[in-house]
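The structure appears below as structure tokens.
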Amino acid sequence: MLREIIKSAPHESTIYFGDTERVPYGPRDLDEVKKFVFKITRFLYDKDVKLIVIACNTSTAAALDDIKKQYDIPIIGVIEPGARTAVCNTRNKKVGVIATRGTVESNAYKLAIEKIDPEIKTFSAAAPLLVDFVEKGILDGRGLNKAIYNYLKPLFKADIDVLILGCTHFPLIEKQILACSGNGIRVISSAVETAKDVKKTLTEKGISSGKRKKPERIFYETAMASNFFKVGKMFLGEEVKEVIRIKFDI
């Protein structure tokens, strides 16, 4: 997600908060995730940020609506942008979603899509193994391709013509997903679409940064020992120079 935001708004400084002590959020109860998101949002708000992106589909499903009522700055989730783009691109009104279990069980994409067009049918598949592959840095190979195909097979049988990547890890394996999907299916990255909304919101609110100084990149994580630095480098390259580890009780 942050990679796409930097591409879309390269002059903006960013603070990234990774709750590495408690991830993955996907298998957790949504009420528990909601508590995490509220605490993290307060942490970021107290850093005097001008916009917050809830860069996780499960967190968006659990907390976005309530979080937006609490704060006086723009707060953007990752579900509505992807759902909106899917609605604009489906021809046969059958949309597929691969995501974490928490996102799938929340029906967040289904509800967001039906809100725009009630005639569209949404077919979802929880794909936890794909998250594991990305977390381990396994971005290609026979095992990954087999897992992708097994998750997509039921969606193909449902005759989808649009597939939403409903987890912000999945753009890293988008080429493999595209290869398994075939030419007839449009693949939509929720991360890419959300980054477009970030840029649009900054412009419309008149809060875009100028080009006068180099943007800052600050990274926080909660686990005292993790592979966050390695994975962050994989996503962002030289943008990740240091990760600040903090104790963050929730």
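Table for the structure above
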read-out: Two-site FRET efficiency, Lys213 against Leu111, from Cβ-Cβ distance with R₀ of 35 Å, rounded to 0.05; value: 0.25
read-out: Computed over region 79-190, the ratio Rg/Rh where both radii use C-alpha atoms and Rh is Kirkwood; value: 0.94
read-out: Choice from Lys214, Lys199, Lys94 showing the highest fluctuation, given a GNM over the chain with Cα pairs closer than 10 Å; value: Lys214
read-out: Label-point separation, Glu239 to Tyr149 (7 Å along Cα→Cβ), nm; value: 3.3 nm
read-out: Most fluctuating residue given options Ser59, Ser181, Ser209, as computed from a GNM of the chain linking Cα atoms under 10 Å; value: Ser209
read-out: For the chain, diffusion coefficient by Stokes-Einstein and Kirkwood Rh (Cα), 10 °C, 1.306 mPa s, µm²/s; value: 85 µm²/s
read-out: Gyration tensor (alpha-carbon) shape descriptor, region 26-115, a/c threshold 1.5; value: oblate
read-out: GNM flexibility winner over the chain from Lys115, Lys211, Lys153 (Cα, springs under 10 Å); value: Lys211
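The numbers here are math on the coordinates, done by the rules we state, and not lab data. Being a predicted model, the structure only gives us computed values, none of them experimental. Note that each Cβ is placed from the backbone with ideal geometry, even for glycine, and that neighbours are counted across all protein chains shown.
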